[in-house]
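A.B. asks: One structure, pasted below without further comment.
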Amino acid sequence: MAGTAQQDLAVQLRGRDFIGLVDYAPEEIQYLIELAVELKRKNKAGEAYQPLKGKTLGMIFEKSSTRTRVSFEVGMYQLGGHALFLSKNDLQIGRGESIHDTAQTLSRYLDGIMIRTFAHRTVIELARAATVPVINGLTDLSHPCQALADYQTIYEKKGRLQGLKVAYIGDGNNMVHSLLMGAAKLGVNFAVATPEGYEPDGEVLRQCSESAAKTGATIHVGADPKEAVADADVIYTDVWASMGFEAEQKEREIAFKNYQVNDELVKYAKKDFLFMHCLPAHRGEEVSEGVIDGPNSVIFDQAENRLHAQKAVMAAIL
């Protein structure tokens, strides 16, 4: 990307919320990916880069986390700033204070807010009321930070994104929503295989189709895992019962019994396919140990890139 174009993108991203990839243009997403790659290079080389010195990020957690909390906290530290962990029990939200009042108050103290929560409307309400940038660390509808790190990982491993095929096997959840939108924006062909009744959200699919029409990406949603995986460059899966759906575990085990990513299924993909999982994984359930621990697995590269992708987002918008 040319220097002038990068400078223009850097300017237009300042002060923006990061709620979903739907709000970002293809060139903006590509810019964040390339920035993440560069920040990763600096980190590995021991080069200090601290554009957020003196700035503070508030991190609201209504859902528990390993990768999100550690990567944001470490990332903010490496960028020269400070991250403040705020559980729902630490805030007056837990005692009935409104999202509006919380957002207004925190905006007087902080330079940015990251929230990991259940209802997507909570993030929307927070962003509307806040006067500082808000980052979506996960909702029941989307997980844009993970998707950005995932596409960074694919870009690093394959050298490109446009024209590749990603196959997603499993529940049409928040993870697949963000992956679908990223694919549509970046020109990646995307195939989903999921049982009837577990398809991705219809409105998300409509938005993805609109973006895909502009980039040449193809989107296919079906029920046949072999069809989805055929000639795939990337195979992706997630747990069958995401956080908040634990009560449906037994029911979902029955519905998804033929949707395990295993040695037999991956034979239909390209030999150099990448296996991806956002973690945590239920080994032996949605994926066999032979695949998740196999030579094509890049799950820990994905996990590492959460740090670098989120540093890119924070550096760009804060």
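The values are calculated or read from the model by the stated rules, or taken from the named source; none is laboratory data. None of the values given here were measured: they were computed from a predicted structure. So basically every Cβ, Gly included, is an ideal-geometry build from the backbone, and we count neighbours across all protein chains shown.
A.B. asks: Of all residues being among the polar types (S, T, N, Q) and under 24 Å from the mean Cα position of the chain (by Cα) in the range 67-122, which is farthest from Ala303 (Cα to Cα)? Just the residue, please.
C.D. replies: Among those residues, the one meeting the criterion is Thr122.
A.B. asks: Right, something else. Counting only residues that are in contact with a strand residue (DSSP E or B) (Cβ under 8 Å, 6 or more places away or on another chain), hydroxyl-bearing (Ser, Thr, Tyr) and at pLDDT 95 or above, which one in the range 58-97 is surrounded by the fewest Cβ atoms within 10 Å (Cβ to Cβ)?
C.D. replies: Tyr77
A.B. asks: So which residues in the range 281-318 are of a type in the set (Lys, Arg) and either within 16 Å of Phe18 (Cα to Cα) or assigned to a loop (DSSP other than H, G, I, E, B) (or both)? Steps first, answer last, please.
C.D. replies: Initially, the range 281-318 is screened for residues of a type in the set (Lys, Arg), giving 283, 306, 311.
Selection gives Arg306, Lys311.
Condition check ((1) closer than 24 Å to Lys63 by Cβ; (2) without any contact (Cβ under 8 Å) to a residue 24 or more places away in the chain; (3) buried (at least 19 other Cβ atoms within 10 Å of the Cβ); (4) touching a Cys at 6+ places or on another chain (Cβ under 6 Å)) across all residues:
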{"position": "Gly222", "(1), (2), (3), (4)": "no, no, no, no"}
{"position": "Val234", "(1), (2), (3), (4)": "no, no, yes, no"}
{"position": "Glu251", "(1), (2), (3), (4)": "yes, yes, no, no"}
{"position": "Phe275", "(1), (2), (3), (4)": "no, no, yes, no"}
{"position": "Pro280", "(1), (2), (3), (4)": "yes, no, no, no"}
{"position": "Ala303", "(1), (2), (3), (4)": "yes, no, yes, no"}
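A.B. asks: Does any residue of the range 109-116 turn out to be charged (D, E, K, R), touching a residue at least 24 places away in the same chain (Cβ under 8 Å) and not assigned by TED's automatic domain parsing to the domain that holds Glu27?
C.D. replies: no
A.B. asks: Further, regarding this structure: Could you tell me whether the range 56-78 includes any residue that is under 30 Å from Gly3 (Cα atoms), in a loop (DSSP other than H, G, I, E, B) and either of a type outside the set (Phe, Trp, Tyr) or free of Cβ contacts under 8 Å to residues at least 40 places away in the same chain (or both)?
C.D. replies: No, the conditions are met nowhere in the range 56-78.
A.B. asks: Next up: Kindly indicate which of Ala10, Ala36 is closer than 21 Å to Asp301 by Cα, of a type in the set (Gly, Ala, Ser), part of a helix (DSSP H, G or I) and not assigned by TED's automatic domain parsing to the domain that holds Ala149.
C.D. replies: From the options Ala10, Ala36, the qualifying one is Ala36.
A.B. asks: Let me ask something else about it. If you take the residues of the range 261-273 that are assigned to a loop (DSSP other than H, G, I, E, B) and free of Cβ contacts under 8 Å to residues at least 60 places away in the same chain, which of them is nearest to the chain's Cα centre (by Cα)? Walk me through it before giving the result.
C.D. replies: Taking the range 261-273 as the starting set, the residues that turn out to be assigned to a loop (DSSP other than H, G, I, E, B) are 262-264, 269-273.
Next, only the ones that are free of Cβ contacts under 8 Å to residues at least 60 places away in the same chain stay: 262-264, 270-273.
Numbers: Asn262: 24, Asp263: 26, Glu264: 28, Lys270: 24, Lys271: 26, Asp272: 23, Phe273: 20 Å.
So the residue we want is Phe273.
A.B. asks: Quick check, is Thr105 free of Cβ contacts under 8 Å to residues at least 12 places away in the same chain, out of contact with any Gly (no Cβ under 8 Å at 6 or more places or on another chain), surrounded by 13 or more Cβ atoms within 10 Å (Cβ to Cβ) and of a type outside the set (Lys, Arg)?
C.D. replies: yes
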